[in-house]
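The values are calculated or read from the model by the stated rules, or taken from the named source; none is laboratory data. Please read these numbers as outputs of a predicted model, since none were measured by experiment. With ideal geometry, Cβ positions are generated from the backbone for all residues, glycine too; neighbour counts draw on all protein chains shown. SASA here: full protein model, heavy atoms, side chains in, ligands and nucleic acids out. Shrake-Rupley method; radii C 1.70, N 1.55, O 1.52, S 1.80 Å.
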Amino acid sequence: MVYTPPPELAGLSLAQIVEQVAARKLPPVEQWTPEQAGESHMRILADGTWLHEGSPISRPAMVRAFAGLLRREDDGSYWLVTPFQKLAIEVEDACFIATDVSETEGNLAFRINTDELVVAGPDNAIRAAGDPEAPSLYLHVRRGCEARLNRSTYEQLARIALEHGEDWTVSSGGEAFSLVPA
């Protein structure tokens, strides 16, 4: 099956973005409770690079496939989950990197490094961490996994916030999000 990445984010309407999000068929990982557990020997670096036994996974399709199986548990551990087995995976910072953001019809749509689109809102909150002088921004993607905004995406979001006022907040999906850590 040939992979076709979604079109440029800035040129999409909200309806087109929602259609792209819905088209991404993900396995029902949250419904699976495998009894067998093990170690994946995989790691996601802070820059979004996926490693297996210390070597980068160079095929984007493999990264996308593994990303669809990710789940974060309440204790903060990360797992690749199948119906029969769950394998621990080490995550340095966040599972994903947000690489682009666009404000469309009053909503914020993000592209993450697996070419998925995520619309910020009640189920996909934006979280500011760190200190006010050097914040890090995160977007909840799914199953407890987040995307850290890269520098250019952070700058795009900051411009959007400043276009709407000087309180460093943005709104999407009926929710308001502060870009300043509490």
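The residues of the range 36-49 that are touching a residue at least 12 places away in the same chain (Cβ under 8 Å) and either open to solvent by 50 Å² or more (accessible area, probe 1.4 Å) or in a loop (DSSP other than H, G, I, E, B) (or both), listed by number, are Q36, A37, E39, H41, R43, L45, A46, D47, G48.
Could you please tell me which pairs satisfy a Cβ distance under 8 Å, a separation of 6+ or placement on different chains, a first residue in the range 79-92 that is more than 12 Å from A67 (Cβ to Cβ), and a second residue that is assigned to a strand (DSSP E or B) and aromatic (F, W, Y)? Cβ pairs passing all conditions: K86/W79; L87/W79; A88/Y78; A88/W79; E90/Y78. Checking each residue in the range 164-182 for being out of contact with any strand residue (DSSP E or B) (no Cβ under 8 Å at 6 or more places or on another chain) and either open to solvent by less than 50 Å² (accessible area, probe 1.4 Å) or modelled with pLDDT of 95 or more (or both) picks out only G165. In this structure, A65 qualifies as free of Cβ contacts under 8 Å to residues at least 40 places away in the same chain and not in a loop (DSSP other than H, G, I, E, B). Only residues that are assigned to a strand (DSSP E or B) and surrounded by fewer than 20 Cβ atoms within 10 Å (Cβ to Cβ): list them for the range 105-126, please. Scanning the range 105-126 gives N107, V119, G121.
The condition of being buried (at least 20 other Cβ atoms within 10 Å of the Cβ), part of a strand (DSSP E or B) and either within 15 Å of the chain's Cα centre (by Cα) or not polar (S, T, N, Q) (or both) holds for only one of A129, A147, that being A147. When A128, A147, A120 are checked against the criterion of being closer than 15 Å to R64 by Cα, in contact with a strand residue (DSSP E or B) (Cβ under 7 Å, 6 or more places away or on another chain) and in contact (Cβ under 8 Å) with a residue 24 or more places away in the chain, a single residue qualifies: A147. Assess whether R71 counts as being out of contact with any helix residue (DSSP H, G or I) (no Cβ under 8 Å at 6 or more places or on another chain) and either open to solvent by 20 Å² or more (accessible area, probe 1.4 Å) or of a type outside the set (S, T, Y) (or both). No: the conditions fail for R71. Given the condition farther than 30 Å from H164 by Cα and of a type in the set (A, V, I, L, M, F, W, C), answer yes or no: does some residue in the range 10-26 qualify? Within the range 10-26 (the criterion being farther than 30 Å from H164 by Cα and of a type in the set (A, V, I, L, M, F, W, C)), the answer is yes, since at least one residue qualifies.
Taken over the range 79-91, the criterion of being farther than 16 Å from E35 by Cα and either surrounded by 15 or more Cβ atoms within 10 Å (Cβ to Cβ) or touching a Phe, Trp or Tyr at 6+ places or on another chain (Cβ under 6 Å) (or both) is satisfied by I89, V91. Would you confirm, using the coordinates I've provided, whether P83 is modelled with pLDDT under 95 and more than 12 Å from the chain's Cα centre (by Cα)? For P83, the condition - modelled with pLDDT under 95 and more than 12 Å from the chain's Cα centre (by Cα) - is met. So is D74 in contact with a Lys or Arg (Cβ under 7 Å, 6 or more places away or on another chain) and either closer than 28 Å to A158 by Cβ or not in a strand (DSSP E or B) (or both) or not? For D74, the condition - in contact with a Lys or Arg (Cβ under 7 Å, 6 or more places away or on another chain) and either closer than 28 Å to A158 by Cβ or not in a strand (DSSP E or B) (or both) - is not met.
Residues of the range 132-143 being open to solvent by less than 50 Å² (accessible area, probe 1.4 Å) and part of a loop (DSSP other than H, G, I, E, B), which ones? Across the range 132-143, the qualifying residue is only R143.
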